[in-house]
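Participant: This is the structure, below, for whatever I ask next.
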Amino acid sequence: MSTQLATFTVAGARYGIDVLRVQEVLRAHTRTTVPLAPPGVTGLVNLRGQVVMTIDLRTRLGLAPLAEDAEPMMVVVEVNGEAISLLVDEIGDVFDVDDSKFETPPDTLPAALREVILGAYKLDQGLLLALDVERATAA
Amino acid sequence: MDDMDEIVREFLVESYENLDQLDQDLVALEGSPGSRELLSSIFRTIHTIKGTSGFLAFGLLEKVTHAGENLLVQLREGRRQMDLPTTDVLLRMVDTVREILASIEAAGVEGDIAVDPVIDQIHEVLENRTVVTVPGAEEAATDAAPESAAAPDEADAPEHEADLEADLEADLVPVPAPVAVEATDAELASELDAAFVQDVEDLVADAALDLADDDELDLDTLLEAIVTIPDPAVVVPPAVAPSGSILPSQRGRAADQAAAVTEEPASDAPGPRTASDASIRVDVDLLDALMRQVGELVLARNQLNRLADGSVDVDLVRASQRLSLIASELQEGVMKTRMQPIDHVWAKMPRIVRDLASTCGRQVRLDMVGGDTELDRTLLEAVKDPLTHLVRNAIDHGIEAPNDRVAAGKAAIGVLTLRAYHAGGQVVVDVVDDGKGIDAERIAAKAVERGLRTPEQVAGMSEPDLLQLLFLPGFSMAQAVTKVSGRGVGMDVVRTKIEAIGGQVDVESAVGRGTTWRLRIPLTLAIMPALTVESAGELYAIPQVSLLELVALDGQKARTAIEYIGSAPVYRLRGDLLPLVELRDVLETGHNREPDAPAVIAVLQADTQRFGLIIDRVLNTEEIVVKALSARLKAIGVYTGATLLGDGRVSLILDVGALARRSLNAEMLDLDRESASASAATAGATEQVLVAGIGDGRRVAIPLGAVTRLERLRGDLVEHVGGREVVQYRGAIVPLVRLDRLLGAMSDAEADELLVIVYTRGSRSVAIVVDEIIDIVDDDTAQHSQIDGHGLIGSTVLKDRVTERLDVTQAVLTADPTFFDDRSDTASDDAGDFSGAALPGQSLRSELDTLVGV
């Protein structure tokens, strides 16, 4: 049994999301910040007339924000019928991963990371962390 | 099968509409029992349902309506007068019909709804009151042609007709039902305008003869002929349809057409009935989708407009202007398609009013004005319950029992008026009764009793403010819980529901003369005008509906115009204190505004409160399309939604009501109510107060009643007892309280001399230390506000300065906690009552003059 994962990197680590959940991937838009919003919600973007909430994965993962001049990418995923965009550093390829290579996260993982990771696929190129989309977007 | 479903669905929709009309007509009929028009209308409705249900093989439905029809026949022939039992039983029949229809709608079958009780009741009414001839079924009425031809005579031959009815009743199988249709419709026709009827009858007779002649009927020709008769009273006898020779398809069409045409107004009966050939039924989802798309178009137009604004390309500008125009028209057009007259909701009111009036033992006349005022259908749906609630309330609490009314010199019959009209881009719906009105005093008492307000709070409130208490959750005026109301679930729900759709509720009442409830409802929800504003670099949209006015503060003014009471900013708007809210503070964005930076105060109306929102600047007004926000962001409770601005940016729409609730505490809200009422009130009571400075430029007002003497004391006279400061004064040890410390100000006065206000009660005194004595002035209580802090009981404006009102009791107790304890001579409950001056004002005045003069 194998799964197709759309991958991206955040602060050097590689993450993956089930490719069927990804609506689209695009360059980050101008965001409108939402004051008083829970941490992680970096703002709202206009996605062809649709107002879409954006979550900064770096904040979610407890990492420092990306440099001001960096151009992050948006991965738009569908969660409970609502489109939500995830802010990531870079977009990677779509990987075919074998379920046998999957392992639940080790206990030593930092709490912020542990919360949003389903587990890791041990690939030849390194570890691919499977993101728990529901949790990651439940800011 | 699908075809069948379609027919049933249409039947249901039509029947529901007809039943609503029926309720209205029946109640109206009770008021004017002789009205032939109403009777005809009722008869026709029941008849249509009966005919169609026979056609669709809904046996129960047919049985019930048939029984009802029998009763109606008697009424129509004048053999029976419309009276209470008759109306009741007919209304009950209508209810049963509704139940059956609901069952058909839900399950596709009639189900096992008990129809016999109603039928029995109808029979009871029939038998008890009148002599009904029930001959045997020997006169079989299966031959259509002769019956039809005989129609012109039937008006003169009630006996014959009764026989026919009896026949039908005796023979309740679906097949002969069409015959009944024929006969009764012909009769019905005979009730109508004579000339017209003659025409119809001739046609029917002709057609019938044709039918007899060659077994072939040109239905279309007949219908055309009838429809072209220039009279609104068009009744097509479905009559002709049933004769055995017509093909099933024709039969269906005939039924459809007949049903459609009967919708047309047959008389001056109230309520609009749209002409079937001038309108079509459209799926609501389609309309919703259209509305959404128009919303997108409006956004695209805004965007293009913005581009064109900065362009020198004349063609682009022209094209954008044209697009703008067309988009506006389209928007208006699509909005119109979703509009429905408020009559749709009102149609149920006569029945509700009637039922309630009889339950509560009232006599009520219902007047409805402006029923053709149109509202977006979603909004219409949303106002239904609140409106019903208000109507119930008006009858239960408003209109008095007939005896009481007569005793009060009013007509025994109360008048309940529903009035709808357009005003200021909103639809206003008034529910007016001429009942006993609402006694503000009783509201106050109730509010205190229920612990919703303290007696002190209530005492300072004006009548309009007291009426606002009705909207508090858990408030109920009913003495006892009745079936109709008094459960405490009331006006707050009405308000919540109306506000949920961006509307407002207001109430005005005059004791003994009546109450007016006023609902203001926006025309539509999806697209609304809004003000775009900037705060801390971000843009926000404020719904125009809550905006009262804008006050621009330029650099110089911004520094001085905003005053502070404690830490709460206020602005003096035409003499009233307006509580202010800094948007950037509420949203916790950015740093504090530079005091000199220009700002704008948007004066907003939230619920019943007015407040000023401080923003950096105003950009423009724009038609915005409300986009739903992610539930998580909505939960923050400050935004109602988001929208896209002309430049494509996302902007948050502020929830004005939530902003007010979030940032203004209860006292602040009271302040606004009070200041609002102060302007309305005639000259408020005045009270003389002593104004004293306590440092930091702060001023305190002390009621003159609390001032016994003013003294200057040397600073070195202050001694200590325990932790307390005392002075020896006139042979007694008097505790000192320093107001600057009590109220948290920094005294500017030198320490070697103390300025004290001596407060004496009985043998005890307290010395209140202030910085300076300023003056004795008249304090207009109407200017009072509840904005306060520790040791204060509010604030006021004196000599153009915001002045804090000292809580003397607390100040005294700070100095001497037992001060009020051992006063057996005067009741302890006047501890805080300083209104009676202890010294004649004049002598104090001279003391003051000497002090101030120094």
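Participant: Report D for segment A:37-78 in µm² per second (integer): Stokes-Einstein, Kirkwood Rh on Cα pairs, 20 °C, 1.002 mPa s.
Facilitator: Estimated diffusion coefficient is 188 µm²/s.
Participant: Cross-link candidates for A:K122: which lysines have Cα within less than 29 Å, leaving aside residues fewer than 8 places away along the same chain?
Facilitator: Here the lysines satisfying the reach criterion relative to A:K122 are A:K101.
Participant: What percent do you get for the relative contact order of segment B:284-338 when only Cα pairs under 8 Å and 6+ apart count?
Facilitator: 51
Participant: Given B:K63/B:K384; B:K50/B:K384; B:K348/B:K497; B:K384/B:K446, which pairs have Cα atoms separated by over 23 Å?
Facilitator: Violating the 23 Å Cα-Cα cut-off are B:K63/B:K384; B:K50/B:K384; B:K384/B:K446.
Participant: At each listed q (0.14, 0.15, 0.17, 0.21 Å⁻¹), what is the log10 of I(q)/I(0) that the Debye formula gives for segment B:543-677 modelled as equal alpha-carbon point scatterers?
Facilitator: Per q value, in the given order, log10 I(q)/I(0) is -0.67, -0.77, -0.98, -1.40.
Participant: Going out from 0 in 10 Å bins, what whole percent of all Cα-Cα distances in segment A:28-98 drops into each bin?
Facilitator: 18, 51, 26, 5, 0
Participant: Would you mind computing, in nm to one decimal, how far apart the modelled labels at B:E456 and A:V25 are, each placed 7 Å from Cα along Cα→Cβ?
Facilitator: Here the answer is 6.6 nm between the modelled labels.
Participant: If you don't mind, another one. I need to check one value: relative contact order of segment A:2-137, counting alpha carbon pairs closer than 8 Å and at least 6 residues apart, in percent.
Facilitator: Relative CO of segment A:2-137 lands at 28 percent.
Participant: If you don't mind, there's one more thing I want to ask. Could you run the Karplus curve 6.51 cos²θ - 1.76 cosθ + 1.60 with θ = phi - 60° over segment B:64-76 and give me ³J(HN,Hα) per residue in whole Hz, x for Gly and Pro?
Facilitator: 3J(HN,Hα) across segment B:64-76, in whole Hz: 5, 5, 5, 4, x, 4, 4, 5, 5, 4, 4, 4, 5.
Participant: If each of A:R135 and B:A635 carries a label point 7 Å out from its Cα toward its Cβ, how far apart are those two points in nm?
Facilitator: With each label point 7 Å from Cα toward Cβ, the separation is 1.7 nm.
Participant: Within segment B:383-421, whose backbone N sits under 13 Å from a point 7 Å along Cα→Cβ of B:R365?
Facilitator: Zone members listed by number: B:411-417.
Participant: Related question: With unit charges on the beta carbons (Lys and Arg positive, Asp and Glu negative) and the dipole taken about the Cα centre of segment B:1-132, which residue among B:F58, B:I42, B:S32 sits farthest to the positive side?
Facilitator: B:S32
Participant: So, one more: Can you give me the C-alpha center-to-center distance between segment B:332-372 and segment A:88-139, rounded to a whole angstrom?
Facilitator: Measuring centre to centre over Cα atoms gives 61 Å.
Participant: Using the number of other C-beta atoms within 10 angstrom as an exposure proxy, rank B:T621, A:T42, B:T454 with the fewest first.
Facilitator: On the way: B:T621 14, A:T42 24, B:T454 10.
Placing the least packed residue first, the sequence is B:T454, B:T621, A:T42.
Participant: Still on this structure: With 10 angstrom as the radius, rank B:V89, B:V415 by how many other C-beta atoms surround their C-beta, starting from the fewest.
Facilitator: B:V415, B:V89
Participant: Find the percent of Cα-Cα distances in segment B:60-118 that exceed 15 Å, and round it to a whole number.
Facilitator: 50
Participant: Within straight cross-link reach of B:K410, meaning Cα distance under 26 Å, which lysines are found once same-chain residues fewer than 8 apart are removed?
Facilitator: Partners found: B:K436.
Participant: Quote to one decimal, in nm, the extra length available between B:A411 and B:Y564 on full extension: 0.36 nm per residue of separation minus the C-alpha distance between them.
Facilitator: 49.6 nm is the gain from fully extending B:A411 to B:Y564.
Participant: Given a Förster distance of 41 angstrom, what is the FRET efficiency for B:Q81 paired with B:A445, based on the Cβ-Cβ distance and rounded to 0.05?
Facilitator: Between B:Q81 and B:A445 the formula returns 0.30.
Participant: Roughly how compact is segment A:2-137, stated as its Cα Rg over 2.2 N^0.38 Å to two decimals?
Facilitator: Computed over Cα atoms of segment A:2-137, the ratio equals 1.02.
Participant: Starting from the Cα of B:T388, move 7 Å in the Cα-to-Cβ direction to define the label point; list residues of segment B:344-367 whose amide nitrogen is under 18 Å from there.
Facilitator: So the set is B:344-360.
Taken together, the values in this text are just the output of simple stated rules run on the coordinates, not laboratory data. Fair warning: this is a prediction, and the values are worked out from it, not measured in the lab. For neighbour counting, all protein chains shown are included, and Cβ atoms are generated from backbone atoms with ideal geometry for every residue, glycine included.
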